[in-house]
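One structure is given below, encoded as structure tokens.
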Amino acid sequence: MNNRGWLALLAFGVLALLALDSFFIVNQAEKAVLKQFSRIDKADVEPGIYFKWPLVEEVVRVDGRALVYDVPTQSFLTAEKKLLNVDAFVVWRVNNVQRYIVSVGGGSSNAQVMEGRARQLLDPRVNEALRNEFASRTVFQVVAGESNVEKLEGDKAVLRDPVTGEMTEVPRDQLDESIIREAEGESGADKPAGDNLKMANDQREALMDQVREKVNESTLEDLGIEVVDIRVKQVDWPDQVRGRVFDRMRAERQRDAAAHRSQGREEAEKIRAGADRQRSEILAEAYRKAQAIRGEGDAKAAATYAKAYNQDKEFFRFYRSLQAYKESFKDKEDVLILEPDGEFFRYLKGSQGQ
């Protein structure tokens, strides 16, 4: 191939590259701007196919979908000055693509690089908002979404630890207004359990909504980023205090167990004493009835004997003597030493007892 052929092939390749660079496609999941010599010429390009000047205009694309990333674990102080490790995640998306590229891009057209810088800029804002909200709530309110304010005294609030039961005094102005209203009875303290659970969920939702709103106040204007949602994944004690917390929880459970055992032993003693008393009463009543029946039988027997004795006194004496003989001589080993003329052998001499 001669030089003219090579030049023609090179010219065709350049024209092909220019032709390919003369249009661009924006899909539904993207947001894009058109830049001309590093200056944004067209912002927020809608999805579709567009023409552009090759080598002069440049398309910068970013992900237009909602993105999720985990915020690094941070330690925050609660209203009782207790330290908690908090794991959270953020759902965000690009709201104003032009402001996003200008503020976050830093001259880069790489969407991944801009996304990394956006996370770096979001982290301090999210952490600051979480820190402020945690500082106005107690541990129990953060975890369970419920208030554990024991009482309000002027500009002070007394908080009760649900685990250890100990009381902590904090300034009233450190607590959220919704917590103070609930402590004062304005949030329906006597509602059913289902309403209380809903209230707890609503308080957790309100906490995260406040964090999201505070973050959006700066990110929408400064970065062109909208924070869709912020959620806490896990709240845990730091390693240096976790052991002590668990020891207090274990001691509290042991105290509860000991109290329940003591109550059980007390109830057992009451039941045992009641059973012994009933047993004694039943035995006494049975003995009384037995003695009464035995007395009635003895009385009837005595009456029968008396009646028989009155009908034939001699026969009755004879019968009783025979009974005495039977009882006296029923064993061969029995020996009686009596005078033959004694009264005992009266009826052995004759049936008439003479």
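The values are calculated or read from the model by the stated rules, or taken from the named source; none is laboratory data. What you are looking at is a predicted structure, and each value in this text was computed from that prediction instead of being measured. Cβ coordinates were reconstructed from backbone atoms using ideal geometry, including for glycine residues, and neighbour counts include every protein chain displayed.
Please specify each residue of region 62-91 satisfying the condition of being assigned to a loop (DSSP other than H, G, I, E, B) and not hydroxyl-bearing (Ser, Thr, Tyr). Correct list: Gly64, Arg65, Ala66, Ala79, Glu80, Lys81, Lys82. Only residues that are surrounded by 15 or more Cβ atoms within 10 Å (Cβ to Cβ) and either among the hydroxyl-bearing types (Ser, Thr, Tyr) or out of contact with any Asp or Glu (no Cβ under 7 Å at 6 or more places or on another chain) (or both) were counted across region 45-61, and they come to 6.
Every residue, every condition in (1) in the same structural domain as Glu226 (by TED's automatic domain parsing); (2) modelled with pLDDT of 90 or more, yes or no:
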position: Trp53; (1), (2): no, no
position: Val56; (1), (2): no, no
position: Glu80; (1), (2): yes, no
position: Val91; (1), (2): yes, yes
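Residues of region 95-142 that are touching a helix residue (DSSP H, G or I) at 6+ places or on another chain (Cβ under 9 Å) and of a type in the set (Val, Ile, Thr): Ile101, Val104, Val113, Val126, Thr138, Val142.
Tell me yes or no: at least one residue of region 92-108 is without any contact (Cβ under 8 Å) to a residue 24 or more places away in the chain, surrounded by fewer than 19 Cβ atoms within 10 Å (Cβ to Cβ) and assigned to a loop (DSSP other than H, G, I, E, B). Within region 92-108, one or more residues are without any contact (Cβ under 8 Å) to a residue 24 or more places away in the chain, surrounded by fewer than 19 Cβ atoms within 10 Å (Cβ to Cβ) and assigned to a loop (DSSP other than H, G, I, E, B).
Do we have Arg272 as within 44 Å of the chain's Cα centre (by Cα), over 30 Å from Trp237 (Cα atoms) and modelled with pLDDT of 85 or more here? Considered against the rule, which asks whether it is within 44 Å of the chain's Cα centre (by Cα), over 30 Å from Trp237 (Cα atoms) and modelled with pLDDT of 85 or more, Arg272 comes out as yes. For Asp341, the conditions (1) modelled with pLDDT of 75 or more; (2) outside any helix (DSSP H, G or I) all hold with the exception of (1). Residues of region 106-126 being small (Gly, Ala, Ser) and either at pLDDT 90 or above or on the phi < 0 side of the Ramachandran plot (or both), which ones? Residues satisfying the conditions are Ser108, Ser109, Ala111, Gly116, Ala118. Pairing residues of region 222-241 that are part of a strand (DSSP E or B) with residues that are surrounded by fewer than 14 Cβ atoms within 10 Å (Cβ to Cβ), at Cβ distances under 8 Å and at least 6 apart in sequence or on separate chains, gives Val228/Ala66; Lys233/Asp70; Asp236/Arg242.
Residue-wise test of (1) of a type in the set (Gly, Ala, Ser); (2) modelled with pLDDT under 60; (3) part of a helix (DSSP H, G or I).
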| residue | (1), (2), (3) |
| --- | --- |
| Glu182 | no, yes, yes |
| Arg204 | no, no, yes |
| Gly243 | yes, no, yes |
| Arg248 | no, no, yes |
| Arg253 | no, no, yes |
